[in-house]
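Peer 1: Here you go, one structure.
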Amino acid sequence: MVEFAQSQPVLRTYGKTAQGYRQFDQALVAQSRAARRQLWLVLPPLLLNTWLGQLALMALMAGITWLVVMEGDAAQQTTLFALLVLVSRVIDHLSEVASYSSGIRMASAQMEAAENVLSQMSLPAPTDPVPLPQHYGIELCDVTFGYQRGVRVLQNVSATLPANSMTAVVGASGSWKTTLTKLIARFFDPDSGGIAIGGVNVKDFPVVQHMSMISQVFQDNYLFSGTLRENLLMGNPAADDDTLRNVLKLERLNEVVQRLPLGLDSRVGEGGIVVGW
Ligand SMILES: Nc1ncnc2c1ncn2[C@@H]1O[C@H](COP(=O)(O)OP(=O)(O)OP(=O)(O)O)[C@@H](O)[C@H]1O
Ligand SMILES: [Mg+2]
């Protein structure tokens with residue numbers, strides 16, 4: 001719903017409001033289906049937990065009452081009543097713990113996803129810097145790559161991107177343009193073939209040296225909640241105002257920032273929505 005609201009300017013500009021509503025409807029139906037599935041998963045154990053707790057309490061109360069009636073000893077009656085009160089207190093807390101179980105289950109699924117990301121092995125890279133290349137031309141030699149086994153995104157691609165020049169990669173949506181730049185930045189290694197910068201295979205650069213030669217502006221970059229300045233400083237916390245101004249100029253963003261009353265100190269919400277104009 002938030003994405004639908006945020007995309008309104010784009011949908012309206014391109015006259016795609018009907019399409020937007022269709023996707024919005026589909027998303028709502030999918031969401032409602034997922035919520036129902038979730039309810040069926042969570043509700044039975046929750047009810048079972050509660051009923052079991054109550055049943056245990058009732059059984060204990062019945063047992064203790066029966067003992068009290070059978071024994072008829074006044075001293076024992078007091079002890080048994082104290083026990084009854086104690087047990088009811090414990091059962092209350094046990095029910096409370098049971099009510100947290102669904103939350104814990106959901107949190108553990110998210111923890112698992114985070115752990116899955118954190119446990120990914122880094123691509124092997126040398127640690128010693130290699131001599132700087134003579135030029136920064138990029139060469140792709142017979143590159144084949146797929147994100148999943150058996151699904152090839154790039155197939156036997158060879159190309160030369162000369163240094164000090166501009167190369168435009170043009171193609172339909174989903175036709176591998178971003179993938180190509182990710183391979184050059186070595187987010188992934190090709191399944192076969194090689195990529196070189198200045199004649200040096202990208203696998204031979206230590207990560208820091210490789211990154212120092214590449215500057216990427218992604219189409220889906222993300223701004224964190226804070227000011228524009230704070231977001232920019234994430235790349236280099238020591239950068240002074242002149243450096244930031246230079247960066248904005250290079251990215252052709254200086255005009256946009258100048259139009260904001262608070263300039264670089266304008267606050268952006270998570271995801272990049274400018275707030276507090
Ligand atoms: N991380 C990923 N895991 C699995 N498949 C992916 C991943 N990233 C991209 N793909 C798939 O690889 C193909 C190429 O995607 P890519 O993002 O390179 O295309 P693109 O040309 O940049 O598209 P666009 O013009 O929409 O930006 C698409 O089919 C896409 O769904
Ligand atoms: Mg792309």
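Peer 1: If we keep just the residues of the range 210-220 that are without any contact (Cβ under 8 Å) to a residue 24 or more places away in the chain and not in a helix (DSSP H, G or I), which is nearest to Gln148 (Cα to Cα)?
Peer 2: Narrowing the range 210-220 to residues without any contact (Cβ under 8 Å) to a residue 24 or more places away in the chain: 212, 215, 220.
Right, trim to not in a helix (DSSP H, G or I) and you get 215, 220.
Details: Ser215: 27, Asp220: 21 Å.
My answer is Asp220.
Residue-by-condition table, conditions (1) over 30 Å from Gln77 (Cβ atoms); (2) surrounded by 10 or more Cβ atoms within 10 Å (Cβ to Cβ); (3) at pLDDT below 75; (4) not polar (S, T, N, Q):
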{"site": "Tyr14", "(1), (2), (3), (4)": "yes, yes, yes, yes"}
{"site": "Tyr21", "(1), (2), (3), (4)": "yes, yes, no, yes"}
{"site": "Ala34", "(1), (2), (3), (4)": "yes, yes, no, yes"}
{"site": "Ala56", "(1), (2), (3), (4)": "no, yes, no, yes"}
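Peer 1: Could you list all residues from the range 171-197 that are touching a Lys or Arg at 6+ places or on another chain (Cβ under 9 Å) and within 13 Å of ligand 1 (Cβ to nearest atom)?
Peer 2: Quick first cut of the range 171-197, residues touching a Lys or Arg at 6+ places or on another chain (Cβ under 9 Å) only: 171, 186, 188-189, 191, 194-195.
Across the range 171-197, the qualifying residues are Gly171, Phe188.
Peer 1: Enumerate the pairs (first residue in the range 156-176 and over 21 Å from Gly194 (Cα atoms) and more than 13 Å from ligand 2 (Cβ to nearest atom); second residue anywhere and among the hydrophobic types (A, V, I, L, M, F, W, C) and at pLDDT below 95) with beta-carbon separation below 9 Å, excluding pairs fewer than 6 apart on the same chain, so at least 6 apart or on different chains.
Peer 2: none
Conditions (1) surrounded by 16 or more Cβ atoms within 10 Å (Cβ to Cβ); (2) under 27 Å from the mean Cα position of the chain (by Cα); (3) within 13 Å of ligand 1 (Cβ to nearest atom), marked per residue:
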{"site": "Pro124", "(1), (2), (3)": "no, yes, no"}
{"site": "Gln155", "(1), (2), (3)": "no, no, yes"}
{"site": "Ser165", "(1), (2), (3)": "no, no, no"}
{"site": "Ala168", "(1), (2), (3)": "no, no, yes"}
{"site": "Gly199", "(1), (2), (3)": "no, no, no"}
{"site": "Val207", "(1), (2), (3)": "no, yes, no"}
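Peer 1: Next question, about the same structure. Could you tell me how many of the residues in the range 177-205 are within 16 Å of ligand 2 (Cβ to nearest atom) and either of a type outside the set (D, E, K, R) or touching a residue at least 40 places away in the same chain (Cβ under 8 Å) (or both)?
Peer 2: If we filter the range 177-205 for residues that are within 16 Å of ligand 2 (Cβ to nearest atom), which is where we start, we get 177-185, 187-188.
Now restrict to residues that are either of a type outside the set (D, E, K, R) or touching a residue at least 40 places away in the same chain (Cβ under 8 Å) (or both): 178-181, 183-185, 187-188.
Here the count works out to 9.
Peer 1: So, one more: Across the range 240-271, which residue is farthest from ligand 1 (Cβ to nearest atom) among those that are aliphatic (A, V, I, L, M) and out of contact with any Leu (no Cβ under 6 Å at 6 or more places or on another chain)? Before you say what the answer is, go through the steps one by one.
Peer 2: Of the range 240-271, the ones aliphatic (A, V, I, L, M) are 244, 247-248, 250, 253, 256-257, 260, 262, 264, 268.
If we keep only those that are out of contact with any Leu (no Cβ under 6 Å at 6 or more places or on another chain) too, we end up with 247-248, 250, 253, 256, 260, 262.
Details: Val247: 24, Leu248: 24, Leu250: 22, Leu253: 21, Val256: 22, Leu260: 28, Leu262: 32 Å.
Filtering the range 240-271 for residues that are aliphatic (A, V, I, L, M) and out of contact with any Leu (no Cβ under 6 Å at 6 or more places or on another chain), the one farthest from ligand 1 (Cβ to nearest atom) comes out as Leu262.
Peer 1: Would you confirm whether or not the range 235-255 contains a residue that is closer than 27 Å to Glu3 by Cβ, of a type in the set (S, T, N, Q), over 23 Å from the mean Cα position of the chain (by Cα) and not assigned by TED's automatic domain parsing to the domain that holds Val143?
Peer 2: Taking every residue of the range 235-255 in turn, none turns out to be closer than 27 Å to Glu3 by Cβ, of a type in the set (S, T, N, Q), over 23 Å from the mean Cα position of the chain (by Cα) and not assigned by TED's automatic domain parsing to the domain that holds Val143.
Peer 1: Would you check if Val153 is touching a Gly at 6+ places or on another chain (Cβ under 7 Å) and within 16 Å of ligand 2 (Cβ to nearest atom)? Walk me through it before giving the result.
Peer 2: Working: touching a Gly at 6+ places or on another chain (Cβ under 7 Å): yes; within 16 Å of ligand 2 (Cβ to nearest atom): yes.
It is true that Val153 is touching a Gly at 6+ places or on another chain (Cβ under 7 Å) and within 16 Å of ligand 2 (Cβ to nearest atom).
Peer 1: Here's another thing I want to ask about it. Checking the condition of a type in the set (A, V, I, L, M), modelled with pLDDT under 90 and within 12 Å of ligand 1 (Cβ to nearest atom), which residue from Val151, Val130 passes?
Peer 2: Val151
Yes/no per residue for (1) surrounded by 12 or more Cβ atoms within 10 Å (Cβ to Cβ); (2) at pLDDT below 90:
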residue: Ala185; (1), (2): yes, no
residue: Val202; (1), (2): yes, no
residue: Val217; (1), (2): no, yes
residue: Arg229; (1), (2): yes, no
residue: Gly235; (1), (2): no, yes
residue: Ala238; (1), (2): no, no
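Peer 1: Hey, another quick one. Could you identify the single residue in Leu84, Leu94, Leu80, Leu55 that is under 30 Å from Gln38 (Cβ atoms), touching a helix residue (DSSP H, G or I) at 6+ places or on another chain (Cβ under 6 Å) and assigned to a helix (DSSP H, G or I)? Spell out the reasoning first.
Peer 2: Numbers: Leu84 fails: under 30 Å from Gln38 (Cβ atoms); Leu80 fails: under 30 Å from Gln38 (Cβ atoms); Leu55 fails: touching a helix residue (DSSP H, G or I) at 6+ places or on another chain (Cβ under 6 Å).
Of Leu84, Leu94, Leu80, Leu55, the one residue that is under 30 Å from Gln38 (Cβ atoms), touching a helix residue (DSSP H, G or I) at 6+ places or on another chain (Cβ under 6 Å) and assigned to a helix (DSSP H, G or I) is Leu94.
Peer 1: Out of all the residues in the range 199-213, which are touching a Gly at 6+ places or on another chain (Cβ under 9 Å) and within 16 Å of Cys141 (Cβ to Cβ)? So that I can check it myself, show each step before the final result.
Peer 2: Initial filter on the range 199-213 (touching a Gly at 6+ places or on another chain (Cβ under 9 Å)): 199, 201-203, 213.
Listed by number, the residues that qualify are Gly199, Asn201, Val202, Lys203.
The values are calculated or read from the model by the stated rules, or taken from the named source; none is laboratory data. All values reported here derive from a predicted model rather than from experimental measurement. Glycine also receives a Cβ, built like all others from the backbone with ideal geometry; neighbour counts cover every protein chain displayed.
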